[in-house]
Structures are given as structure tokens and as C-alpha cells.
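This report refers to the structure that appears directly beneath it.
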Amino acid sequence: MIDIVKPVMTPEQVKELEPFPQELKEKKAHAEKAMKDILTGKDKRKLFIVGPCSADNEDAVCDYACRLARVAEKVKDKIYVLVRVYTNKPRTRGEGYKGMFHSPDPHNSQTDIQAGILSLRKMHMRVIAESGLFTADEMLYPDNHDYIEDVLAYIAVGARSSENQMHRLVASGFDLPIGMKNPMNGSLSVLLNSIYASQISNEFKYRDMQVKTYGNPFVHAVLRGAVDVYGNNISNYHYEDVMRLYELYLSEKLENPAVIIDTNHSNSGKRPLEQPRIVNEVLNNTHESDDFDKFVKGFLIESYIEDGNQPQSGGVYGKSITDGCLGWQRTERLLLAAADKIN
């Protein structure tokens with residue numbers, strides 16, 4: 001049985017109430033072009049998507065983004081930086097903090113979808129306005145993504161979602177970069193099928209309409225590691241893993257071969273302090289092979305103001321209440337060191 005708790009505003013109503021300023025729309029168009037140029041190889045820089053596991057506190061996220069912007073300016077010739085502002089959090093067992101979309105106040109257990117939608121839209125726009133950097137978020141619920149799709153410069157499809165048909169179909173209707181993660185079991189064939197389905201035209205039911213899409217050539221792979229049947233983490237960022245995916249990409253004749261390396265999750269075994277080492281190894285491999293260098297377009301890094309994580313009830317400013325993150329000082333060193341290693 002499903003009980004209706006209360007109605008929620010439509011995406012159109014929310015956008016009218018909280019419009020995305022025209023001057024930011026124009027700047028976002030430049031950001032999207034920069035990322036597309038990176039994915040197609042016209043721009044040789046690497047894309048770094050950096051930020052908290054979950055964006056739970058607007059002030060802390062904006063503070064973080066402004067710090068990130070100052071470093072992004074220093075490395076802009078080698079690295080293009082986006083802020084990871086994830087407002088939906090998938091839960092393996094269906095319980096725990098589900099992100100700002102559900103609860104704008106993580107210390108209040110009451111679910112308030114309407115307030116969450118308004119809060120997360122305001123936060124994305126505040127991050128952009130104050131830092132000058134554009135944002136990425138995860139498409140956890142395809143039907144709900146219309147609430148912020150006009151604000152985002154990058155969309156991620158998570159490991160639990162990449163096998164889902166609706167995620168693939170909706171991804172085919174966007175005209176901006178979308179990172180498709182390998183599924184939890186690590187299957188590369190499933191990952192490539194997801195990318196193929198997102199790059200072709202589709203016709204399907206979306207919300208209350210029959211819609212047609214024209215394919216998104218900027219959907220690309222994200223390697224995040226895998227989990228075996230016993231719950232053990234398996235990394236997939238090493239040279240052999242990446243080149244195997246590259247060969248499969250070419251055999252499938254997919255558009256714009258590209259992969260982003262997720263340095264946390266199963267690649268780090270959820271040990272966030274390992275992320276600088278992983279970035280360093282991958283960048284070293286770009287010097288060993290031109291194909292590897294052209295294929296690896298960047299990194300996804302979980303980072304916040306403080307190292308590690310804390311319980312949802314914790315009160316440490318800028319410390320993750322979900323997966324552990326790399327703290328700010330280590331993140332700054334990582335970015336500066338990475339810029340020195342990029343060709």
C-alpha cells in the first residue's frame with residue numbers, strides 16, 4: 001500500500017519559483033563546451049570532479065567550493081575543475097541519510113521532499129554564484145532530475161543505477177556530459193551496454209508524456225571498482241583494467257571513448273586517504289602510453305573540509321556524514337601535484 005503524504009510542486013513550478021539566472025546560464029554553456037572538448041580530445045586538460053560524498057550543509061559546501069575555486073585558478077592550464085554537489089545518496093540497505101533531496105536538515109529525521117528540492121536547487125545556484133565553479137550531481141531518481149537539470153554541468157549515474165533502463169533512456173535525452181559508472185559487480189559489458197543505450201535515440205514514457213530523445217554522444221565510462229560475491233572490494237583503475245576497457249570501447253565503436261577514474265569507493269576500498277596515491281599511479285601511466293593518456297579524461301574525488309567521516313548526528317563542520325572524504329589540505333596538495341604531472 002502507498003499512502004499519499006502530500007503533493008510536491010512540479011519541476012516547472014520550482015524553476016519558476018527559483019529561476020536560474022541568465023548570466024549563469026551563459027557561463028554554464030562555456031563550462032559544458034570545455035568539458036565536451038575534453039571528452040572529444042580537443043582540449044588536452046583533465047577533468048577533476050571534486051567534492052563531498054554528500055552535500056549535507058549549504059554553508060560548508062559553499063565554503064569548500066570557494067576554497068576549491070582558488071586552487072582551480074592555479075591549475076586551470078592543466079585541470080578543469082567541477083564541484084561535486086551530490087544531493088541524493090543511494091543506500092544499500094534502504095536506510096540512513098538519503099541526502100538533501102529527502103531531508104534538507106540532516107539532523108532532522110523527518111522527510112520533507114518539497115523543502116529538500118527547494119534547498120538543493122538554491123544550494124547549487126549559490127555554489128555557482130559564489131565560487132564561479134559549476135556543479136555535478138547524481139541522477140539517482142530519473143523522474144526527479146528535471147528539478148535541477150538546467151543548473152547542472154555534469155550528471156553522474158551510479159553503480160546501482162547504470163543497469164536500470166530508465167536511467168539509460170533519460171541519459172540519452174541530455175546534451176551535457178554524463179558519467180556512467182560500472183555496476184557493482186564490475187561488469188564491463190554491462191557498462192558498455194549502458195553507454196550504447198544512452199548514445200542512441202530512444203522513445204519512451206517520461207513523467208506523463210511519450211517522449212523521443214536523440215542520443216547523447218557525451219555519455220562516458222566511470223571506473224569505480226567492484227564488489228565480489230563475498231563483499232570484497234576489487235579495484236579497476238590499474239593500467240591493465242583501463243586498457244581492457246579501451247579495447248572494448250573501440251570494438252563496440254562507441255562515440256568519444258573516454259573514462260573517468262573514481263578514486264574512492266571500491267577503488268580505494270573506502271579508504272579516502274588512498275585517493276592521492278591512486279591519482280598519482282594513473283597519471284604515471286599516462287606517460288607510458290599515448291592511448292592510455294587520451295582515454296583517461298580525469299578523476300572523481302571525494303573530498304571535504306575535514307578528513308574522514310562522522311555519524312549523522314555529528315557536529316563537525318565540513319566533515320562527511322556518509323562515506324569518508326579526503327580533507328581540504330590533502331586535496332589542495334593533490335590538485336597541485338596532479339597539475340605538475342599532467343602532460
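The values are calculated or read from the model by the stated rules, or taken from the named source; none is laboratory data. Because the structure is a prediction, the values reported are computed rather than measured. We place every Cβ from the backbone using ideal geometry, glycine too, and count neighbours over all the protein chains shown. To get the accessible areas, we keep the full protein, side chains included, count just its heavy atoms, and leave off ligands, DNA and RNA. Shrake-Rupley method; radii C 1.70, N 1.55, O 1.52, S 1.80 Å.
Brief remarks follow.
- For LEU39, the conditions (1) open to solvent by less than 30 Å² (accessible area, probe 1.4 Å); (2) out of contact with any Pro (no Cβ under 9 Å at 6 or more places or on another chain) all hold with the exception of (2).
- The strands (runs of 3 or more DSSP E) found wholly in segment 205-282 include none carrying at least 3 residues that are touching a Lys or Arg at 6+ places or on another chain (Cβ under 6 Å).
- In segment 201-213, the residues that are loosely packed, with under 15 Cβ neighbours inside 10 Å and either modelled with pLDDT under 95 or under 15 Å from HIS167 (Cα atoms) (or both): SER201, GLU203, LYS205, ARG207, ASP208, MET209, VAL211, LYS212
- Filter result for ASP59 (modelled with pLDDT of 95 or more, under 30 Å from ILE321 (Cα atoms), part of a helix (DSSP H, G or I) and not aliphatic (A, V, I, L, M)): yes
- Against the list (1) surrounded by fewer than 20 Cβ atoms within 10 Å (Cβ to Cβ); (2) touching a His at 6+ places or on another chain (Cβ under 9 Å), the condition LYS27 fails is (2).
- Any pair with Cβ under 8 angstrom, 6 or more apart, that starts in segment 194-215 at a residue that is without any contact (Cβ under 8 Å) to a residue 24 or more places away in the chain and ends at one that is of a type in the set (S, T, N, Q) and surrounded by fewer than 16 Cβ atoms within 10 Å (Cβ to Cβ): GLU203/GLN210; LYS212/SER201
- In segment 279-319, residue nearest to the chain's Cα centre (by Cα) [restricted to those that are surrounded by 22 or more Cβ atoms within 10 Å (Cβ to Cβ) and of a type in the set (A, V, I, L, M)]: LEU300
- Only one of the listed residues (SER266, SER289) is touching a Gly at 6+ places or on another chain (Cβ under 7 Å), at pLDDT 95 or above, hydroxyl-bearing (Ser, Thr, Tyr) and over 20 Å from ALA65 (Cβ atoms). That residue is SER266.
Residue-by-condition table, conditions (1) open to solvent by less than 10 Å² (accessible area, probe 1.4 Å); (2) farther than 19 Å from ALA65 by Cβ:
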{"residue": "GLY116", "(1), (2)": "yes, yes"}
{"residue": "LEU120", "(1), (2)": "yes, no"}
{"residue": "ALA136", "(1), (2)": "yes, no"}
{"residue": "PRO142", "(1), (2)": "no, yes"}
{"residue": "MET166", "(1), (2)": "no, yes"}
{"residue": "TYR196", "(1), (2)": "no, yes"}
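- Residues (open to solvent by 50 Å² or more (accessible area, probe 1.4 Å) and either touching an Asp or Glu at 6+ places or on another chain (Cβ under 8 Å) or of a type in the set (Asp, Glu) (or both)) located in segment 320-333: ARG330, GLU332
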